[in-house]
Amino acid sequence: MAQNRDLFWEEDPQEPTPLTGFNHLLAIGIDAYEHCTPLKNAVNDASSLAQVLSVDYGFPQENIVLVTNEEATEYRIFSEFRNLIKRVGPEDNVLIFFCGHGHYDEDFKQGYWIPVDARLGAIGDYIPNSEISTTIRAIPSRHTFMIADACFSGSLFGENRSAFARTDLSAYHRKVGSIPSRWGLASGRNEVVADGIPGENSPFTQNLLYFLKTKHEAPFAVSELVQYVKTATANNSEQTPIGSPLRNVGDRGGELVFYPKGVTKTEPTVAPPPKPVVDIPPVMPAHAQPVFQAGKEKTSSSDNPFLQWMKDHFRALLMIAVSTFFFGMWSEVLYWIVPATCLGLMASEVIFRLKGRGKIIFTAIVVILVGADFIWYEWEALTEGGKMAEDAIGSVGSRMKNHELIWFSLGLAGFASFLYFFFTEQGRAEVR
């Protein structure tokens, strides 16, 4: 866990005992887009920031999550958002950094982050600012600081607000460090921003890293970093960064305070072990159904990985039960073939991270093999030793009389419904 705490300072008998917390970083960088123009420096920007925060500001490796290129799908990003919500405590601090393509939709007046696998022009594949705001609101941290180096990233911001008057900087740090905050910093307003010279950092990230690498003599508040990066970037490029507290996500007027390594004397030498993180598939993004319920208390089921998985996949599981029951009325052998096939498909998707055409091809192969085995088994039963026409017709007539074709039809409908939910439960099939 974090060696450095942004709420630590030397004890002052006239000041209350400071609250302590640990630092978390989620850094996302995407160069190798599948359908959009590739970038050159996004991964380097995210990696450089993670390195600086780890080396100079005590962000521990176990609390740093770096998601780059093919890993940075919409599914993975929401999964990491969910993990932050589960592992971050009320005294902890969170920094989220996104570096990649952005988009602004004039119709909805909203900006978006573009994941690595998003189709060009497919708004449904993008991550809207409304969902990012919902995520920030749901993270139960003391301080959350979101940095976005992407085109149109400034559309996340509302009106700027002024901070506390700074008469005594140390007193100011103590005051704002103990009050919850939700700040953001974007590389530009509603505008296109530069990627920079290949092999270097973007103009925005250059100034961000410069401030972090040179500001080692004393603690500093997030507003100081924001002001420097805004001014330096605007003076040396054609873009105009924007930074301020974020609106309607739980900001209370405080600020994250960065403490360089070696500055504080009350810094603990041994941090408690991190909370366990379970890779639970996230629910659908907000444009399909709500991801997070801000302000809603967590129930005991949310702490149980199995129950949470059941909750996230209840529709597919219901269709497995329905198709198994009705298929079983047709043929007893399907009582175990159908659930084994369906659960095998769901498990394979997780194990092999199947998506798009690969997911469709794999599913088709499994369904064809199982279907062929079933037809072979039933064909022998229907023909009863080879009297194909007469015996098959008689057997089918008998089955119709016993309503078994009805069971088969209902079972087939249930299985088809399972396949539908299998391709939509955790996002669209993304056929390309």
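Bear in mind that the values in this text are calculations on the coordinates, not laboratory data. A quick note: this is a predicted structure, and the numbers were derived from the prediction, not measured. When we count neighbours, we look across all protein chains shown, and the Cβ atoms used for this are built from the backbone with ideal geometry, even at glycine.
Amide H contacts of V94: H24, H143, T144, F145, each under 5 Å away and 5 or more positions distant or on a separate chain (H built 1.01 Å from N in the peptide plane; Pro and chain starts excluded).
Using only the Cα atoms of the range 30-136, build the gyration tensor, take square roots of its eigenvalues as a ≥ b ≥ c, and label the shape rounded, prolate or oblate: rounded if a/c is under 1.5, else prolate if a/b is larger than b/c, else oblate. Because a/c hits 1.5 or more and a/b fails to exceed b/c, the range 30-136 counts as oblate. Phi-derived couplings, Karplus 6.51 cos²θ - 1.76 cosθ + 1.60 at θ = phi - 60°, listed residue by residue for the range 37-45: 4, x, 9, 10, 10, 5, 5, 4, 4 Hz, with x used for Gly and Pro.
Projected label points at I179 and Q61, each 7 Å from Cα along the beta carbon direction, are separated by 3.9 nanometres. In order along the range 407-419, the Karplus-derived 3J(HN,Hα) couplings, from 6.51 cos²θ - 1.76 cosθ + 1.60 at θ = phi - 60°, round to 4, 4, 5, 5, x, 5, 5, x, 5, 5, 5, 4, 4 Hz, and Gly and Pro are given as x.
Amide H contacts of E191 (H built 1.01 Å from N, in plane; Pro and chain starts excluded): F152, S153, G154 sit under 5 Å, all sequence-distant by 5 or more or on other chains. Restricting the chymotrypsin sites (Phe, Trp or Tyr not before Pro) of the range 104-141 to loop positions (DSSP other than H, G, I, E, B) with no more than 15 neighbouring Cβ atoms within 10 Å leaves F108.
Taking square-rooted eigenvalues a ≥ b ≥ c of the alpha carbon gyration tensor, is the range 19-88 rounded, prolate or oblate, where a/c under 1.5 means rounded and, failing that, a/b exceeding b/c means prolate? Don't skip to the answer; put the middle values down first.
Numbers: a/c = 3.81, a/b = 1.48, b/c = 2.57.
Oblate, since a/c reaches 1.5 and b/c is not below a/b.
Going 7 Å from the Cα of R357 toward and past its Cβ, which residues in the range 33-52 have a backbone nitrogen under 17 Å from where you end up? The answer is 34-36. Annotation: amide H-H contacts under 5 Å for S244 (H modelled 1.01 Å from N, sequence separation of 5 or more, or interchain): G184. Converting phi to 3J(HN,Hα) with the Karplus coefficients 6.51, -1.76 and 1.60 and the offset θ = phi - 60°, the range 326-339 yields 6, 5, x, 5, 7, 8, 4, 4, 6, 4, 10, 5, 5, x Hz in sequence order, with x at every glycine or proline. Between Y420 and E71, the simple spin-label model (points 7 angstrom out along Cα→Cβ) gives 3.6 nm.
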